[in-house]
1. Specify which of the listed residues (B:ILE23, B:ILE60) is in a loop (DSSP other than H, G, I, E, B) and either in contact with a Lys or Arg (Cβ under 9 Å, 6 or more places away or on another chain) or at the interface with chain A (Cβ under 8 Å from one of its Cβ atoms) (or both).
2. Going through C:LEU100, C:LEU66 one at a time, which residue ends up being under 20 Å from B:LEU47 (Cβ atoms) and away from chain A (no Cβ under 14 Å)?
3. Can we say A:ALA120 is part of a helix (DSSP H, G or I), closer than 22 Å to C:GLY53 by Cα, hydrophobic (A, V, I, L, M, F, W, C) and out of contact with any Lys or Arg (no Cβ under 7 Å at 6 or more places or on another chain)?
4. So B:GLY113 fits all but one of (1) farther than 20 Å from B:PHE38 by Cα; (2) in a helix (DSSP H, G or I); what number is the exception?
5. Out of (1) at pLDDT below 95; (2) away from chain B (no Cβ under 14 Å); (3) surrounded by 19 or more Cβ atoms within 10 Å (Cβ to Cβ), the odd one out for A:LEU84 is which?
6. Given the criteria in contact (Cβ under 8 Å) with a residue 40 or more places away in the chain, more than 9 Å from every other protein chain (Cβ to nearest Cβ) and assigned to a helix (DSSP H, G or I), does C:THR36 qualify?
7. Cβ contacts < 6 Å: first residue touching a residue at least 60 places away in the same chain (Cβ under 8 Å), restricted to region C:125-147; second residue part of a loop (DSSP other than H, G, I, E, B) and not β-branched (Val, Ile, Thr), any location; separation 6+ or different chain. Result?
8. Would you check which residues across region A:105-118 are more than 9 Å from every other protein chain (Cβ to nearest Cβ) and surrounded by fewer than 24 Cβ atoms within 10 Å (Cβ to Cβ) and list them?
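The values are calculated or read from the model by the stated rules, or taken from the named source; none is laboratory data. Treat the numbers as computed from the prediction; the structure is a model and nothing was measured. Cβ atoms come from the backbone with ideal geometry, glycine included; neighbour counts cover every protein chain shown.
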Amino acid sequence: MTIQYLAELAGTYFFAISGVLAIDDKDRNWFGATFTGFVTAIGGGSLRDILLGSHPLIWIDDIYFLYAILLGVVTSLVFFNWVLKLRKTMILFDMAGIALFTIVGVEKSLSLGVRPEIAALMGVFTAVMGGVIRDTLTNKTPIIFSKEVYATACLAGAILYLILESSVSRVENFLLSAGLIVLIRILVIRFNIELPSLKAKQ
Amino acid sequence: MTIQYLAELAGTYFFAISGVLAIDDKDRNWFGATFTGFVTAIGGGSLRDILLGSHPLIWIDDIYFLYAILLGVVTSLVFFNWVLKLRKTMILFDMAGIALFTIVGVEKSLSLGVRPEIAALMGVFTAVMGGVIRDTLTNKTPIIFSKEVYATACLAGAILYLILESSVSRVENFLLSAGLIVLIRILVIRFNIELPSLKAKQ
Amino acid sequence: MTIQYLAELAGTYFFAISGVLAIDDKDRNWFGATFTGFVTAIGGGSLRDILLGSHPLIWIDDIYFLYAILLGVVTSLVFFNWVLKLRKTMILFDMAGIALFTIVGVEKSLSLGVRPEIAALMGVFTAVMGGVIRDTLTNKTPIIFSKEVYATACLAGAILYLILESSVSRVENFLLSAGLIVLIRILVIRFNIELPSLKAKQ
């Protein structure tokens with residue numbers, strides 16, 4: 001449990017950094033940067049818990065999540081140009097973040113007694129909705145509307161977790177399902193795979 | 001009750017289709033389409049229940065609503081070009097959807113003990129907020145900010161329901177109030193009626 | 001308590017006006033204007049209470065808040081051109097509004113038992129999130145992403161309130177902390193102060 005907790009904190013930290021990086025192309029102030037980092041890090045999990053009626057939200061109950069976000073923001077601001085150059089490296093952290101948050105979301109939802117289909121959906125929400133809210137607030141079209149396979153990878157991992165749930169241990173399941181998400185993301189980026197677009201032919 | 005339940009499921013199905021259709025003008029992947037359909041179908045009712053603190057949300061509690069949405073998305077994707085040509089027909093389904101969702105929203109709110117003014121507001125929210133959230137996520141200006149009479153029709157129906165509540169049976173009230181919404185929408189579209197705009201004259 | 005209640009009602013009224021004014025540059029109908037005024041006035045407090053799991057929301061429980069909003073919308077619509085010319089005067093009301101809502105948000109959060117860091121954050125949310133939601137719905141980039149010191153003033157007031165909490169009376173603390181927010185806003189506007197921007201130098 002302590003490993004999952006630390007990993008969730010780390011995921012929050014890296015999501016906060018990716019949130020700040022999302023505003024690099026315009027003049028922005030430190031509050032806007034902090035706000036964006038915060039929303040990216042807690043948006044998905046908060047939406048999940050609000051939809052499920054589960055309170056208190058983890059970052060309201062456990063102050064270390066707020067500190068992890070502030071640390072991520074400070075990291076981004078202090079090492080801004082340096083972090084930007086590391087953007088390709090950041091993709092790795094983002095992968096780890098969405099893989100982890102997907103499975104954490106599935107587990108949390110199942111523990112609240114919802115059906116597997118809803119748990120899978122909530123796993124995907126946990127991973128992607130922070131970014132969706134961030135993109136909406138900053139007037140960008142969220143990444144899940146673009147062609148790259150992103151939420152689909154999370155959904156595949158969530159479904160694998162639910163299939164394996166009764167046959168392997170929780171730790172094995174966590175590693176296998178999160179690993180599938182990372183694997184799909186690596187293959188997608190390496191081979192530039194896209195989902196078929198839905199273009200009207202008229 | 002079973003008729004209202006089936007009608008609510010049908011409304012969810014048609015709202016999911018209208019959500020997918022809202023993204024036709026750009027390249028979009030199947031996940032984005034599913035997400036948009038989902039948000040359009042459940043956004044209004046979910047926002048109402050979150051504001052009222054009423055849990056669990058119906059689509060979390062009753063899996064058939066998720067299936068209705070998936071069916072709507074599949075319908076849209078399989079018959080994409082065909083559905084696009086039927087867009088004028090879809091307006092009829094949209095009318096039925098908002099009429100139904102408005103009255104369902106008013107009834108649900110009243111059953112939770114709120115005042116009639118709040119119930120009317122929640123009825124309108126139930127009908128229009130799914131579309132507002134969808135438009136916001138896809139970077140469009142929501143339809144309720146444009147001049148066409150849309151939310152106004154829902155508000156009129158909600159108010160009629162509240163006025164008639166103590167004098168006619170629930171089924172009669174449902175039909176009369178929902179009928180008023182459909183009637184206003186038909187007249188608005190037929191005669192191209194617009195609300196007066198608020199243009200500054202300086 | 002009755003003074004705070006009246007002041008909160010007044011803040012709601014002025015926030016509703018500022019919401020309607022936010023849509024002046026385009027053709028909009030009365031429903032869109034009402035909706036925007038409503039969202040601006042209740043968005044911040046509602047988000048705070050939803051995040052904290054505190055129900056019922058004040059405007060659902062106390063109908064006078066809805067009436068204050070409707071009065072603000074009617075004021076804006078009836079005196080539209082007149083109110084626009086008073087826009088500089090409106091800045092004063094906006095200042096009073098954000099100062100009041102910040103401290104009300106901090107007090108409400110503390111009364112629900114959260115930590116001071118969370119209470120400060122919730123105070124800022126109460127003051128600024130109504131405007132953020134309004135700007136997002138109308139496809140503008142929220143003001144907190146621009147360079148002007150806005151949310152920062154709220155944060156300073158919230159922190160002062162928490163520092164003074166155990167040493168001065170509640171009324172004194174309210175006046176001092178809210179006064180600091182107003183003072184910072186006046187200085188910022190008078191001397192055109194901006195937060196340092198985060199521009200990548202590459």
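1. One residue alone meets the criteria, B:ILE23.
2. C:LEU66 is the lone residue from the list that is under 20 Å from B:LEU47 (Cβ atoms) and away from chain A (no Cβ under 14 Å).
3. The answer is no for A:ALA120.
4. Here B:GLY113 clears every test but (2).
5. (3)
6. no
7. Note: pairs meeting the criteria are C:VAL132/C:PRO142; C:ARG134/C:ALA22; C:ASP135/C:PRO142.
8. A:GLU107, A:LYS108, A:LEU110, A:SER111, A:LEU112, A:GLY113, A:PRO116
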